[in-house]
Every structure is written in structure tokens, then in C-alpha cells.
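Shown below is the structure under consideration.
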Amino acid sequence: MRFLATTEKVTALSMLLVVLALLSTVSLAKNTEEFPLPNALQVDVKFWSRVYSEVTTSEGLIHDNEKLNIIYARLSFSPSSSYKERQKVIKNKKKYYKKILLDLATKPHIRLKGRQYKRVKALWPKDTAQKEFRAAAKRIRFQLGQADRFKRGLVRSGRWLPFIKNEFKARGIPVELAALPHVESSFRSDAKSHAGAAGLWQFTRPTGRRFMRIDHVVDERLDPFLATRAAGLLLKDNHQITGTWPLALTAYNHGAAGMRRAIKKTGGTEISKIVREYKGRTFGFASRNFYNAFLAAKDIDEQPAKYFGELTRDKAMEIQEVELSSYYTAKGLMTAFGVKNNIFKSLNPALQPTIWSNSKYVPKGYRLRVPLDVSAGSASHLIASIPVDERGAKQKADVSYKVKRGDSLSKIAQRFKVSSHQLVAINGLRNIHNIRIGQVLKLPHSAIKQVKGSRSIKQDAIFYQVRKGDLLSVIARKAGVLEADLLSLNKLKNRNYLYVGQRLRLRRDPALLSVAANSKLKNKVLIADPSNYLVINNRQVDVQSNETLGHFAEWLSVSNAKLRRLNKLTNKARLLVGQRVKLDFSAVSIAKFEAQRLVFHQQIQARFFDRYRVLKTVRRVVRKGDSIWLLAQQHNVPMWLLRQYNPTIDLNHLGARTRLIFPVLEKKLK
């Protein structure tokens, strides 16, 4: 081995430092390029940095919801104060500053001797017009601080950050995105929102079901490792659709369809222009500020000592899994591995209360997390030792009950010889008094004998498959619906003509309809779907996959003939995906039409993603003579899903060398 001379050492060290500096500069430039901070958004990012690092959850800011540098007051609450008491203080403070702003707008010279009036006016530029003060009076907002929560999130993040970064590297997406859970959940794997989002990455059910299993047996949103894989897929899909990471991140909150509308409306992909100028129906404060909040969270995550001083993150979680070859009870598995209930639950957070109450088995094929000190060989031996009565050849059947007038949870529990506690756990109820007429409650498997002997039980089915000897009148009576409704829903002209295997729609899904009809949640229903299902200018829509003129006529309560005349279509003409169609809203409102349309597509997608999930995407170049229909069949991808992954491409007129994205699908466990 040759030792370097002193001069050589200095030269080599200098060169090494230069190389490292260059690599650092390149990395920083790439980071800045992928996640730019435009001058127009610096004030907004600074606001969120303050919320995340200076203002605690016992405090909050009264501010302007557009100009985030305008902060009227910083409120402090007593730790013992209730939510109701806090809301009262916030309401009074907002009312107070609203009056000041309206006074500045209507009588600017009368009461400016007051200290608060002078202070508020000084927050604004000297040449601020009176109409601006009037507009600002409508924009007063309260933001709760997050500093203490964010700090705890930084500590927790150590459990999963190494895995998240490795997963994102493997998927070819920026590792900086690993900071996103700070915004979504403060790195709480059990976090749940009032809107139904859950887990580290706050997936809603419709979006999450594309990539994960989410039902009353397994909810993979609550498993940080499985949910991270899904988050990577969604973020990558968003980037492929929107073209930039700022828009892909905003689409995580607002939906890919919403961001495509924003790009079209503003004429570009500049994030600052979209944040400042786009006025979409559902593009509210949270969506406008999602990217700004992420940049603030990313900066704090990268240099936590700057904001909170020295802190130590939790040790990275290590996991060991064993794939189950059959169905097992949770009790049988815990006994075999000698693991306590709470530890077993923490290792397998995706398993739902139906598992722990013994209403369901842990599914076959499930990758069970076991203690690290268990070897693969001993794991197989322990599982083999589980008694026969703690395992099954198939999953336990679902048992359910539809709530009727006069029912209470305790009455239902008594009737089916189960405990109220079991019903609460299985159905994820937060309040034992909060059940409603028509709600379908899942029952423990032990109630199946009582269910079979009860005539009052009605399955809350949406569809029914006709069997030999069935009559429409009998089907209607058993399903608890009107025969006339069955005729209308299924467009039957002859009530006596049914055939074996025919699939009848029994009712519309009221739960889905209520979600779609709620304007606040409308954007969340199909957030991962970039297609536009809303009515556009001049009461028109763009035709989406699976839609026919008959569907539009049904949702509008008008005849096919009327729509054909309106669009100058012949009787033989068929609609093409992407075609623009004029609609007649003389019988229903636009909101009702959009709700029914959303329900139609959500049901199609829900049924599909009940069986399949997206594993990854692959690219394929179309060759001359290729048929899009054959390509879709070869990849086992329905056309509506293929179109969602290629929203800018006209699949009806494909040219050679067109690059298509195909989702790779996998069947879900039962």
C-alpha cells in the first residue's frame, strides 16, 4: 500500500471536497427544480412554518384566508377549555375583527384613534382600497397551531422514514415526498379524520381501495408499510397525469381531475398561478395551501434542530412476516406464538374488530407480522400446531341486520344474543346511541342461527341474480321494494319475462348517493380518477367510459329521443368516449344529475376494486396495427381504467408509437 505525501493528501482532500460540493449543488438544484418555491408563495410557506413550529395546539391564529401574511391575532386557550368554549372565543374574535374591517371599509376616518383600528390598518398596504377591506371582512379564518403535534410527529417519523424513503427510491419518485405524512397525520398510523380518511397517509376508502384491501376484515390503510406502497403508487400516478410534483401533491388532496381542470382553466402548470388564480368549485383553502404546507413540513423535517432544537427520532421499525396458508382465528395465532393481544394488534394494525371478536378468520394468504425472535422454521411449526377448531377452510360468512324504527343497539344485541360491545367493535361505531333507520349493521358470526330464524331480516343488496322459478313480484316482496321500481330501474317492458342468470338492480345505494350528493365531498368520491364527471359550460358533459345516451336520459328523467334531437343524433348513432353531449335539465337539477352519475361510476369502480388492486404501472409503445381493445384484454385492464391512466390520449384514434400506461393488477385476498 502506498501512503500519500502531505501535498498529495491536501490535493486529494481538496478534490474530494469539490466533488462533494458539486454533488450537493446538483442534488439541491434537482430538489429545487422538483419542488420549487416561487416568490409568490414564500409568504404562504412562511405562514405554515410558523403554524408547524411556533404555535401550539393550545393556540391559534386569526388571519386572512388569501393573504396569509395578514394575521390579526394570536389566541391562547386554557388546557382545560372544552371544544365548545374554544369555538365561542374564536367566533367572538372573528366577529370583532370583521367589524373593524367593515368600519375601515365604510367610515375610514371616524374611529382610527383606537389602537386596534390603527394596528389592523397597519397590517395592510397604505393604498388599500375600501372595497378590499370589505372583501377581507368575509375572509377571516382561524388556524389552530400544530407545533407540539408536529414535534411529536418528528419523533414518531423515525419508525417509518427509512422504509418510506427506500420504497420511494424503488418506485423512482423523490424521497422528499416522505415528509407528506407530517401534513396528513403527524405520522400517526391510527389517525382518522371526520371525512373518513385513515392511517399515516390519510386515504379515503374510494381512493385507497384502488391499491389496498379495505373492508370490515382488513383495512390496509392502517398499516404504515402497506399504505406507503399505495401512497407511492398514487403520487406517481398523479405525476404522470399532471406533469409536475407540485400539482401531483395538490392532486393528492384535490384529485387528479380537479388539477386537470385547473391546468386547463389557467392555461399552464405553474403552481403559484393556480394557487392564486384558480377558482374551482371545490378548490378551497385546504387544496390551495396543500403544496405550501408540504414545503414548510419538508423544510422542518430536513432541519428539525433549527426549529425545535436537538431531538431524537424513534428507532426504525423492523418487521418479520409469515404468509398464512389457511384461515385462522386471532386467538389461535396469539396462543401459538405466545404473544399478548395488545402486541399482536400493534404488529398487525390492518386487522379489523371482526377478527378480534372472532366473527372472522385472519384471511388465507395474509402476511402475518410475528415477533423478530421467531425464525421462519419455527413460525411454520407454531402455525401447524394450531388446533383444528381454531382454523377454517374458508372465511366465515357475513351476517347483517338492517336497523328498523324503534331499534336500539342494546335491543339488537339482546335479540341476536350478542353483546353491545361486540356490535360497537365490529361496526366501528363511535357512539352506541348513534344508529339510524336503514343502517346495515354487521353481526358476529355466532348470530347466524338467530338470523336464519328471523323473517324480519332483509339483505341490503343492490343486485339480485335471477334463479329458476323466480317471479318479479316475489323478488320485489323479498327485497322490500316496489315491483314498479324494479321495472323502472332495470328498464323491463314485460314483468313476466325473466331469464335465469339475469342480474336485476334492486335499489340504488343510498350511502353512495348521499356521499356523491354532498358538494363538500363530491371531489373526494373519485379523487384518484382523473376523469371529469361534472357538468361543464352550457350544460354539457364529455362522455366517459361505460356511458350511453340511455344513461343520460335516465339520470335526466327525459326520453332518449329528446336527447337525440337536442344533439342532432340519428337513431343508429352511438356515443364515443370524449364526445361532448348537450343535456336537458328541465326535469332534474344539475346537482342531482352529477350525483347519480358519480354513483354510477363509483359502483363500477367499487365492484372492480373489491376484487383487484393496482400493483404498479408499465409503459408500452403502440405498434402499427395494434388494437386498443386487444391490448386492454392482454393486460386484463378494463377500458375505463385504461383511460384513467391515459387521460390525455384519445384511445379511439391511436397512432403508432403512442406511449400508453398500463396498470398491473393483482387479485385481492378474500
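So what's the gap between the Cα centers of the stretch 614-644 and the stretch 330-360, to the nearest angstrom?
40
Per the helix-only calculation at 222 nm, which mean residue ellipticity applies to the chain, given -39500 (n - 2.57) for every DSSP H run of n ≥ 4 and division by its residues, nearest 500 deg cm²/dmol?
Only helices count here, giving -13500 deg cm²/dmol.
Please work out the C-alpha center-to-center distance from the stretch 154-188 to the stretch 645-670 and express it in whole Å.
Result: 28 Å between the Cα centres.
Then there is this: For an R0 of 41 angstrom, estimate the FRET efficiency from the Cβ-Cβ distance between Leu669 and Lys404 and round to the nearest 0.05.
That gives a FRET efficiency of 0.75.
Right, next: Size of the dipole of the chain about the Cα centre, Lys and Arg at +1 and Asp and Glu at -1 on the beta carbon, nothing else charged, in debye to 20?
My answer is approximately 2700 debye.
Further, regarding this structure: Measure up Lys95/Lys118; Lys396/Lys417; Lys138/Lys236; Lys236/Lys396; Lys118/Lys138; Lys315/Lys360 against 26 Å on the Cα-Cα distance and list the ones that go over.
Lys138/Lys236; Lys236/Lys396; Lys315/Lys360
So what J values fall out for the stretch 371-378 if you push phi through Karplus, 6.51 cos²θ - 1.76 cosθ + 1.60 with θ = phi - 60°, rounded to Hz, Gly and Pro as x?
x, 5, 7, 9, 7, 4, x, 5
If you take all C-alpha pairs in the chain, what percent of them are over 33 Å apart?
So the portion of pairs separated by more than 33 Å is 60 percent.
Would you please give the residues with an amide H less than 5 Å from that of Thr617, counting only those at least 5 places away or on a separate chain, with H modeled from the backbone geometry?
Val664
Something else: To make sure I understand the rule: partners must be aspartates and glutamates, Cα under 16 Å from the Cα of Lys169, and not fewer than 8 residues away in the same chain. Which ones qualify?
Partners found: Glu34, Asp237.
Report the local net charge at Gln320: Lys and Arg +1, Asp and Glu -1, summed over other residues whose C-beta lies under 13 Å from its C-beta.
Residues close to Gln320 contribute a combined charge of -2.
Enumerate the amide H contacts of Ser400 below 5 Å, restricted to partners 5 or more residues apart or on another chain; note that Pro and chain-start residues carry no placed amide H.
Close amide H contacts, sequence-distant or interchain: Leu443.
Take the eigenvalues of the Cα gyration tensor for the stretch 135-213, scale each by 5, and report the square roots as semi-axes in whole Å, largest first.
Sorted largest first and rounded, they come to 26, 18, 14 Å.
Hey, can you rank 377-390, 145-158 by average C-beta count inside 10 Å, highest first?
Ranked by mean Cβ neighbours within 10 Å, highest first: 145-158, 377-390.
Give the calculated FRET efficiency between Lys46 and Phe608 to the nearest 0.05, with a Förster radius of 45 Å applied to their Cβ-Cβ distance.
Computed FRET efficiency for Lys46 and Phe608: 0.55.
Which of the residue pairs Lys192/Lys331; Lys306/Lys340; Lys404/Lys592 have a Cα-Cα distance greater than 31 Å in the structure shown?
With Cα atoms farther than 31 Å apart: Lys306/Lys340.
Hey, which of these cross-link pairs are over 31 Å Cα-Cα: Lys151/Lys265; Lys126/Lys264; Lys394/Lys478?
From the list (Lys151/Lys265; Lys126/Lys264; Lys394/Lys478), the Cα-Cα distance tops 31 Å for Lys151/Lys265; Lys126/Lys264.
Read-outs throughout are calculated quantities, based only on the coordinates presented, and are distinct from any laboratory measurement. Please read all numbers here as calculations on a predicted model, not as lab measurements. Glycine also receives a Cβ, built like all others from the backbone with ideal geometry; neighbour counts cover every protein chain displayed.
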